[in-house]
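Student: One structure follows; several queries about it will come next.
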Amino acid sequence: MKTIGLIGGMSWESSVLYYRLINSTINRRLGGLHSAQLLMYSLDFAAIEKLQHEGDWDGAAKLSIDAARRLEAGGADFFLIGAINPATIYCDNRPPGERGN
């Protein structure tokens with residue numbers, strides 16, 4: 001089983017929901033006592049919101065990218081972003097040839 005890295009913390013309430021959804025899906029598919037191999041990095045949303053309010057999207061992106069690198073260093077095989085804002089930040093900071101828009 002691969003290890004999932006989950007960037008959470010856009011609100012701790014939503015992080016709980018993503019954690020529960022991932023684990024219940026794994027358990028439903030594999031049965032028994034199975035659960036996900038999962039690492040979570042929870043960001044402090046107050047810091048993200050402050051940077052967004054100041055228009056510092058690069059700073060917000062750096063926090064999300066740092067979280068992804070920490071998950072990778074911890075052994076995550078891939079990562080998921082448990083919110084819309086960081087996904088938008090990530091997409092906007094990819095080189096132009098890699099952007100989906």
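Student: Going by the structure shown, is residue 39 at pLDDT 90 or above and under 15 Å from residue 68 (Cα atoms)?
Tutor: So residue 39 fits the description; yes.
Student: Ok, one more. Conditions: (1) at pLDDT 95 or above; (2) under 17 Å from residue 76 (Cα atoms). Residue 25 meets all but one. Number of the miss?
Tutor: Against the list (1) at pLDDT 95 or above; (2) under 17 Å from residue 76 (Cα atoms), residue 25 comes up short only on (2).
Student: Still on this model: State whether one or more residues within segment 51-67 are part of a helix (DSSP H, G or I), in contact with a Gly (Cβ under 6 Å, 6 or more places away or on another chain), within 20 Å of residue 14 (Cβ to Cβ) and without any contact (Cβ under 8 Å) to a residue 40 or more places away in the chain. Walk me through it before giving the result.
Tutor: Filtering segment 51-67 for residues part of a helix (DSSP H, G or I) gives 51-53, 57-67.
Filter again for in contact with a Gly (Cβ under 6 Å, 6 or more places away or on another chain), leaving 51.
From what's left, within 20 Å of residue 14 (Cβ to Cβ): 51.
Subsequent filtering for residues that are without any contact (Cβ under 8 Å) to a residue 40 or more places away in the chain retains 51.
The answer is yes; a qualifying residue exists.
Student: On the given criteria, is residue 1 touching a residue at least 60 places away in the same chain (Cβ under 8 Å) and part of a loop (DSSP other than H, G, I, E, B)? Quick ask: steps written out before the conclusion?
Tutor: Values: touching a residue at least 60 places away in the same chain (Cβ under 8 Å): no; part of a loop (DSSP other than H, G, I, E, B): yes.
Against the criterion (touching a residue at least 60 places away in the same chain (Cβ under 8 Å) and part of a loop (DSSP other than H, G, I, E, B)), residue 1 does not qualify.
Student: For segment 36-50, name all the residues that are more than 15 Å from residue 15 (Cβ to Cβ) and in contact (Cβ under 8 Å) with a residue 24 or more places away in the chain.
Tutor: 37, the sole residue that qualifies.
The values are calculated or read from the model by the stated rules, or taken from the named source; none is laboratory data. Not measured: the values here are computed from a predicted model. Reconstructed Cβ throughout: ideal geometry from the backbone, glycine too, with neighbour counts over all protein chains shown.
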